[in-house]
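To keep things clear, I will list the structure first and then write my remarks on it.
The values are calculated or read from the model by the stated rules, or taken from the named source; none is laboratory data. What you are looking at is a predicted structure, and each value in this text was computed from that prediction instead of being measured. Cβ: placed from backbone, ideal geometry, glycine included. Neighbour counts: every protein chain shown. Note: areas computed on protein heavy atoms with side chains; ligands, DNA, RNA excluded. Shrake-Rupley method; radii C 1.70, N 1.55, O 1.52, S 1.80 Å.
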Amino acid sequence: MLPNVRREDWYQTATNTNWDISYVDEEEMYPPGLTGQDAYNVPEDGWESWEETYKQTAREYYETQHEKDGSVYAVSSAMDQSGLPHSLGMGWEDVLKFHFATVPLLERAAVTSESQYARFAPDSAWRHMAQFGAMDELRHTELQLRIPHSFVKEDSQYDWAKKMYHTEDWASVAARHLFDDFKASNAIDSALQITFAFETGFTNMQFLALASDAADVGDIEFSEAISSIQTDEARHAQQGNAIIEILDEYDDLDRAQYLVDKSFWRCYKLFSALTGPSMDYYTPVEDREMSWGEFMEEWIVDQFLENIESTGLEKPWYWDQFIELVRQGGTSHYMAGGHYHWRPTLPIAPPGVTAEDREWLEEKYPGWEERWGEKWDRHAKAMREDDLEKTVADDLIVLCDLCQLPAIHADPDQDHNRLHCHEHDGETYYFCSEPCQWIFENEPERYAEHKSILRRFLAGDIQPQTLEGALEHMGMGADNDYERGIDFRAPEWGDDWADWSPSSSDPAGAASDD
Ligand code: MN
Ligand code: MN
């Protein structure tokens, strides 16, 4: 095929196929409501200069992807055939279970978005690129369903890789709320949020940070798989910058700025619930490379700022409070405590915090002990007193009416972290943070009708009105209560804690309980 012509001489011609349409009107073929052309001030032919930085032809794409799949599946089937039990130790399994429960079917949702761009993006080069994106996401779905599938025979919690997304589990509701919000838009709006904010910023964290932890733990299969996935993300995420380049030229960027501010915050919130606890609490302490806060600063904050500064966009208005949160790792600690306390609501076995964990946490987040230590002390005390039930919640908490996550996301004693309220149409809505409230207030018609799990509970949609009723609603009913999160390491870690004393040299008081 074209043996004597250099790629750069025909690539442009092959991907620029913005042909004149003769059988139907342009607007019938590309309805502005779906492309987004009516939402931005770009002239009709303005989009034709859309250019991706990472160029790839179809032939190159298939060859490269074939090789990538080949090496990942080779590792996978070697692991499978070895017949070794999969277990890689306490904590790490929770990282895997949580990842597989939440990620693969979100990848499937991304197939739909990339397919939307492949059909309705306002330029042919972009549509070309998005076709690869759609195939990428399908590959990610298959790969990340295949791995947990091979573990189900050992541990049925891995079945949640296929299940979680289709349940009303709180983590699933939060993830769908975010992704549906991004998806339910025209192609330009959607791609700004998904490819620029979500992929350029945050998938790096889930995939690079966890790949490096996985390598340390010795989980070669997972490490290989997610590194391989990240190479695709790095390519198709380029769509975002290419869009902003065009908008930079013609548009005032107000709408783009709003969407970037909104989606960056929403991603931060979701990933802090997912990746934060995985990096700071579940990965075995000896294998933790960076703290979540450190990784956020280096990979998200710096890269995002660099990205923003290369465009006409500005830092989100909430930047100062965001940075303060990142440094404290606030949401990560709150969520890890929440996962533990509400563990029957998640298909994992969240570990408690050992003495080594606490030393590490205090070192990474100075002040951790003072702020969070006492909460874990109470769990440990209950355990030593043989009162494990006391460590499990028997109630629900206030959920944010925007992000759907618990409505406290950092230190609630600080004023800007208090519970935020807003009246709309005679109804009071609650928010975890100022940015979540700001998003809601900008588009109340988009968000007001959605019922959080707590609202369903209060409205009587969940019966009986008990935690057991809520568990049933979340897909964790009595029929499969063996899939509910338990702490099978208790009470050992409570014992481990018995003589823990961060500041005093006399641990005798606590130790005498043994
Ligand atoms: Mn993907
Ligand atoms: Mn992607």
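Observations on the model:
- Take the conditions (1) away from ligand 1 (no atom under 16 Å from the Cβ); (2) open to solvent by less than 30 Å² (accessible area, probe 1.4 Å); (3) more than 24 Å from the chain's Cα centre (by Cα); LYS97 misses just one of them, which is (3).
- Whichever residue in segment 207-226 is open to solvent by 20 Å² or more (accessible area, probe 1.4 Å) and in contact with a Phe, Trp or Tyr (Cβ under 8 Å, 6 or more places away or on another chain) and, among such residues, is modelled with the lowest pLDDT: LEU208
- In the condition set (1) outside any helix (DSSP H, G or I); (2) under 14 Å from GLN404 (Cβ atoms); (3) β-branched (Val, Ile, Thr), ILE439 is compliant with all but (1).
- Of all the numbered requirements in (1) open to solvent by 30 Å² or more (accessible area, probe 1.4 Å); (2) part of a helix (DSSP H, G or I); (3) touching a residue at least 24 places away in the same chain (Cβ under 8 Å), SER115 misses one, and that requirement is (3).
- Among the residues of segment 137-149, those that are more than 14 Å from ligand 1 (Cβ to nearest atom) and open to solvent by less than 10 Å² (accessible area, probe 1.4 Å) comprise ILE147, PRO148.
Rundown of residues vs (1) farther than 30 Å from MET135 by Cβ; (2) within 16 Å of ligand 1 (Cβ to nearest atom); (3) part of a helix (DSSP H, G or I), yes/no style:
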site: ALA234; (1), (2), (3): no, yes, yes
site: ASN241; (1), (2), (3): no, no, yes
site: ILE244; (1), (2), (3): no, no, yes
site: LEU247; (1), (2), (3): no, no, yes
site: LYS262; (1), (2), (3): no, no, yes
site: SER272; (1), (2), (3): yes, no, yes
site: SER278; (1), (2), (3): no, no, yes
site: MET296; (1), (2), (3): yes, no, yes
site: LYS315; (1), (2), (3): yes, no, no
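- Residue among ALA121, ALA134, ALA110, ALA130 that alone is farther than 25 Å from TYR73 by Cβ, at pLDDT 95 or above and either within 13 Å of ligand 2 (Cβ to nearest atom) or open to solvent by 40 Å² or more (accessible area, probe 1.4 Å) (or both): ALA130
- Residues of segment 360-392 classified as over 18 Å from MET279 (Cβ atoms), assigned to a loop (DSSP other than H, G, I, E, B) and at pLDDT 90 or above, total: 2
- Of the residues making up segment 48-88, those that are aromatic (Phe, Trp, Tyr) and modelled with pLDDT under 95 are TRP50, TYR54, TYR73.
- Counted residues, segment 467-483 - those being at pLDDT 90 or above and among the polar types (S, T, N, Q): 0
- Screening ASN204, ASN186 for residues that are open to solvent by 10 Å² or more (accessible area, probe 1.4 Å), touching a residue at least 60 places away in the same chain (Cβ under 8 Å) and within 14 Å of ligand 1 (Cβ to nearest atom) leaves exactly one candidate, ASN204.
- Checklist (1) within 13 Å of ligand 1 (Cβ to nearest atom); (2) farther than 11 Å from ALA191 by Cβ; (3) not polar (S, T, N, Q) applied to GLY133, failing item: (2)
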